[in-house]
Every structure is written in C-alpha cells, then in structure tokens.
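Below is one structure, written out as structure tokens, with a few remarks after it.
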Amino acid sequence: MSRTAPVGTPLGDAFHVFDTTLRDGAQREGISYSVADKLAVARHLDALGVGFIEGGWPGAMPKDTEFFARARELDLRHAALVAFGATRRPGLAADHDPQVRALLDSAAPVVTLVAKSDRRHIERALRTDVAENCAMVTDTVAFLRGEGRRVFVDAEHFFDGYAFDPDTALRVLEAAVNAGADVAVLCDTNGGMLPLGIAEVVTEVAARTGFRLGIHCQDDTGCAVANSVAAVQAGATHVQCTANGYGERAGNADLFAVVGNLVTKLGMPVLPDGRFSELTRTSHALAAIANIAPERHQAYVGTSAFAHKAGLHASAIKVDPELYNHMDPVDVGNGQRVLVTEMAGRASVELKGSELGLDLAGHPDAVSSVVATVKEREAKGWSYEASDASLELLMRSALGSSQQAPFTLESYRVITERRQDGQVVAEATVKILVDGERLIATAEGNGPVNALDAALRAALTPSCPWLADVELSDYKVRILTRGTAAVTRVLLESTDHAGSWSTVGVHGNVVEASWLALVDALAYAALRRTPVAASR
C-alpha cells in the first residue's frame, strides 16, 4: 500500500503502541526531564492516543518514584501508565524484593519487567544459572499478576541470545508467559539486527511458541524503524518506540515514523480516530520539552519531509502532488513546501509563489525574471530556501509591486569602540529619507547590527509605531569564501505578535550583508501591515 489507508476504529488491545520516551528515551545524551517535564510528555502522548506510556523505574530513580506519585494529575484518557523494573534478585523471594515492591507501590496498572534472555548475560552479568534466571522471571510475574497487575516482559538481548543459544532464550519466554505475562517483548538491545533477520526470528519464534510477541529495537544500525515494522509484518502485535527516536547511543525506533508506516503502508488503524493528524504537532511539542531542535529531515513530521528543491520534482508536483509525495502530508499535520534555489525552474517559482499567496502563473516575464535573478544571486552566495520573506519581496518586485522598505537610505556609518575597561560598544548613525523628510539618528549597541537596528528604530518609530512589535530573534552568519576578503551571508529571523519571517543578505562586508537582510526584514514587516498582505 503506497498511499494513506483510511484510519478507522483503532485496533485497541489487538495491537499495542507502547511508548517508552520517559524511560528509554530519557537515556539520550543531553536530555534531563524534570518531573513536570515527564508529566507534560505523558499528557502529549496520551492526547496522541498511544496505548501505553512507560513512565520510568520507580524505586530505582527518585525522580521516577515522584512521577508515579503525581501520576494522578494526568487523567489519562487513552493510555495506560506502565512502571518498569527488573525481576527479583537471585535467591530472594519476589514479595521481599524492595525493587519489586516499589513497582506495586507505584500504583501503575501495568508493569514491564526486564529479564535476561542471553545465556552469556545470565551467567556473566547476573552470575547465576539459567534455571534460577527462569525462576526469577516466573516468581516475579506470578507475584505481580497475583497483585492485580498486567505484566509485559522485555526479553533483553533476545536476538543475540537466540543466535547464541535459542533454547535458553525460548525458556525465558516460556517462564514469562506461563506465569501470566501478556506479551513477550523481543529486544534488539545492542541494535545490531537488520530487517530480514528480525523478520526471520520473529516468524520462527511465533511458530515455535504461539506467544503474543512484542518488539523493541535500538537504532545502532540505522534500522530501528525498519526492524520494528518488519517485526510487525512477521507477527508482532506490540511495538515499543520513543518520541523522535530519542534514546541511548544512536537512539530507539522513532514513534512517529513507526506509526506513520503502520497506518499509511500497512493500513493498521493504531491510533484513535482523528489523532493521526496530530503526529507533527506532537513531535515538535515533545522536542520542545526535551529542549532539542526538531530534526528537519525526520520522516513524516520533519519540516523538510515534504520539501522539494529540484525543478524536475516541482514540474511533476505542479501536475499532481502525488507524483513526488508518498502520501498527503496533511494527513500527519505536515505540509508540502517548494524550495526556490539555483536548481529551480519555472514550475518551482510558480508553486512557491502560490505557497506565498502570489499568482505568478499568468506572468511569464515575472517568472523568468525571478528564475534568472535567483540563479545569478545564488551563484554569488545568496540563499533563498531559508529566507521566504526576501524571496517574496523579490517576486513582488518582478510583478511590478512598489512595496519597499518604509525609508530610503542616504548613508549609514558604524564605528566600534573598545574602552579602557574592556567594554566593546558599537555606534551607528543612519541618514534616511521618509516621505521626503531627511532624518538622522544615532544609537549604540553591543555590535554593529544591533546598533544599526537601534538607530533605524530611533529614526523610524515616530512614523512607523508598529516597529515596537518587531524583534530580531535570530542572527546567523556564514563565511562563504576563505580569507579576510571573504564573502559573507547573513540570515535574519524577525518576529512580531503574528509570526516570524526570514531574510538574507550577502556581501564582502559583514555589516553591509547584515544591512541588506535588515532592510528586507523591515520591508516585509511593513508589507504585513498593508491591505494587500492582509488579504493574502
């Protein structure tokens, strides 16, 4: 199935989407969730409609213990909360093991137990034998089931253990399921498997045991998503993932890519009605909580997932968007974008103009002008794919629009002073014409661009009071050529109460490159306040 399948009634308990962002995902380098963060993540995952949310390891992690104590704040509507922990220790009764008791104290209705399934780990890491390891699994599962908990068992290192000693790996699964575990989860803990190998083992284990199987994949080979989908195709009905693939080392199977594939390629309605379109929003919200920039090229939910740069692609998309999209991006809450670069042809420019609210299709001369200008400028270092505001101004100019910055420059001057106390201050003076009136303003800043911006505002604010709403929110400089006479590209991001926009400037002088980007930023800010812009 190559197109999006209809999303009907979710599979419910027939299929489990199990999220472990709050445990396995939190092991990613650079992530440190507070308890408040963990509660917020759980709310987003529940709103998306996952079936199970693994909240952490109570008793082992104080933060996780607190999370479960506060879990009553969540009011989950779709998901069941899961506590993670280990089987009893060797030689200790399950009901006397403090870690097992902590799982009960968490009050989570579901418990996931990790159990060794590789004989080498049993003997070397646990320092016990296979019989005692299986007894540990049996006793802990039976005890938790007797206390009214639903139990899943993660068979750690299963694929490596199955390759080394399949009988031991299967004995562990039998111990879990015979004691009452609902699902035996096959874990590719070291992340070394490939899809065909996963499918072969899952098929074989399912045939030999008849157990309900789950899959948990790490991404060390870059195959965690493919491995997870292959396992489902081979018979697994429980898939463990993390938001955006967060996790230790190379990460885990990405929840959004796995769900995207299950729904659109396998036709499996694994989320409640109406929730599939929340994939992109949820991905970005969880990235914000983790304080990690969203991955632009992430499958399904990345801002570049449906972005097209090549002119050949744009020509086909103009005829039918499905010719170069594997699905309708709207289905996952994303959107198609056309990037105008030196690779662009007429179709790219027309489609991008339509995206920006401009009808270029009936203006062939304007299209030719834009294509030629973009190619010429990009050869000199300009880049319009990340600066839609500058591109829109260029398109409007080609269409004959008189929209310009709300001033005409006579001159500017910037000086930088290093004072005796070590403080460095930039001072800028601008001389501009506004409606025929010559204005001069001077201001200081912590750098040349900041000083120029402040001086411009001082001169313009009396006639453009809306400038008070406009802020420069980001400033990026890239040196395009080597040496002290290098060409510099500046990208500015500006914001106001209604949104943000990006502009570009290129010059051998970084101040002039910044000035060009700044002028475009103010011109676009003025455009946003005109009736023409308001009607777009």
I'd like to know if segment 161-170 contains one or more residues that are under 26 Å from Ala79 (Cα atoms) and at pLDDT 95 or above. no
Verdict on Gly85 being small (Gly, Ala, Ser), surrounded by 20 or more Cβ atoms within 10 Å (Cβ to Cβ) and closer than 25 Å to Glu174 by Cβ: yes
For segment 392-406, which positions are modelled with pLDDT of 85 or more and not in a helix (DSSP H, G or I)? Leu399
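Residues to consider are Asn190, Asn178; find the one that is assigned by TED's automatic domain parsing to the domain that holds Ala231 and touching a residue at least 40 places away in the same chain (Cβ under 8 Å).
On the way: Asn190 fails: touching a residue at least 40 places away in the same chain (Cβ under 8 Å).
So the residue among Asn190, Asn178 that is assigned by TED's automatic domain parsing to the domain that holds Ala231 and touching a residue at least 40 places away in the same chain (Cβ under 8 Å) is Asn178.
Using the structure shown, decide if Gly55 is crowded, with 18+ Cβ neighbours inside 10 Å, in contact with a His (Cβ under 9 Å, 6 or more places away or on another chain) and in the same structural domain as Gln27 (by TED's automatic domain parsing). Show your work before the answer.
Numbers: crowded, with 18+ Cβ neighbours inside 10 Å: yes; in contact with a His (Cβ under 9 Å, 6 or more places away or on another chain): no; in the same structural domain as Gln27 (by TED's automatic domain parsing): yes.
Spelling it out, it is not the case that Gly55 is crowded, with 18+ Cβ neighbours inside 10 Å, in contact with a His (Cβ under 9 Å, 6 or more places away or on another chain) and in the same structural domain as Gln27 (by TED's automatic domain parsing).
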Given the conditions (1) without any contact (Cβ under 8 Å) to a residue 60 or more places away in the chain; (2) not in a helix (DSSP H, G or I), and given that Cys241 satisfies all but one, which numbered condition is not satisfied? (1)
Do we have Ala405 as without any contact (Cβ under 8 Å) to a residue 60 or more places away in the chain and not β-branched (Val, Ile, Thr) here? no
Kindly list the number of the only condition in (1) in contact with a strand residue (DSSP E or B) (Cβ under 7 Å, 6 or more places away or on another chain); (2) under 27 Å from Ala498 (Cα atoms); (3) of a type in the set (A, V, I, L, M); (4) exposed (fewer than 13 other Cβ atoms within 10 Å of the Cβ) that fails for Ala468. (1)
Residue tally, condition crowded, with 17+ Cβ neighbours inside 10 Å and more than 14 Å from Glu410 (Cβ to Cβ), over segment 429-446: 2
Of the conditions (1) closer than 26 Å to Leu286 by Cβ; (2) modelled with pLDDT under 95; (3) out of contact with any Lys or Arg (no Cβ under 7 Å at 6 or more places or on another chain), Ala83 satisfies every one except a single condition; which number is it? (2)
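For Val41, indicate whether it is assigned by TED's automatic domain parsing to the domain that holds Pro269, in contact with a Ser or Thr (Cβ under 8 Å, 6 or more places away or on another chain), touching a residue at least 40 places away in the same chain (Cβ under 8 Å) and buried (at least 21 other Cβ atoms within 10 Å of the Cβ). I'd like the intermediate steps shown before the answer.
On the way: assigned by TED's automatic domain parsing to the domain that holds Pro269: yes; in contact with a Ser or Thr (Cβ under 8 Å, 6 or more places away or on another chain): yes; touching a residue at least 40 places away in the same chain (Cβ under 8 Å): yes; buried (at least 21 other Cβ atoms within 10 Å of the Cβ): yes.
Considered against the rule, which asks whether it is assigned by TED's automatic domain parsing to the domain that holds Pro269, in contact with a Ser or Thr (Cβ under 8 Å, 6 or more places away or on another chain), touching a residue at least 40 places away in the same chain (Cβ under 8 Å) and buried (at least 21 other Cβ atoms within 10 Å of the Cβ), Val41 comes out as yes.
May I ask you to say which residue of Ala443, Ala428, Ala389, Ala451 is free of Cβ contacts under 8 Å to residues at least 40 places away in the same chain and assigned to a helix (DSSP H, G or I)? Before the answer, list the steps.
Working: Ala443 fails: assigned to a helix (DSSP H, G or I); Ala428 fails: assigned to a helix (DSSP H, G or I); Ala389 fails: free of Cβ contacts under 8 Å to residues at least 40 places away in the same chain.
Sole residue among the options that is free of Cβ contacts under 8 Å to residues at least 40 places away in the same chain and assigned to a helix (DSSP H, G or I): Ala451.
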Wholly inside segment 34-150, helices (runs of 4 or more DSSP H) that include 1 or more residues that are under 27 Å from Tyr162 (Cβ atoms) are 98-105, 119-124, 130-146
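I'm checking my understanding of the structure. Among residues of segment 14-38 that are of a type in the set (Gly, Ala, Ser) and in contact (Cβ under 8 Å) with a residue 40 or more places away in the chain, which one is surrounded by the most Cβ atoms within 10 Å (Cβ to Cβ)?
Of all residues in segment 14-38, those of a type in the set (Gly, Ala, Ser) come to 14, 25-26, 30, 32, 34, 36.
Imposing the further condition that a residue be in contact (Cβ under 8 Å) with a residue 40 or more places away in the chain reduces the set to 14, 25-26, 30.
Working: Ala14: 9, Gly25: 26, Ala26: 23, Gly30: 8.
The qualifying residue surrounded by the most Cβ atoms within 10 Å (Cβ to Cβ) is Gly25.
The values are calculated or read from the model by the stated rules, or taken from the named source; none is laboratory data. As the structure is a computational prediction, the values presented were derived from the model and not from experiment. Here Cβ is always computed from backbone atoms with ideal geometry, including for glycine, and neighbour counts include all displayed protein chains.
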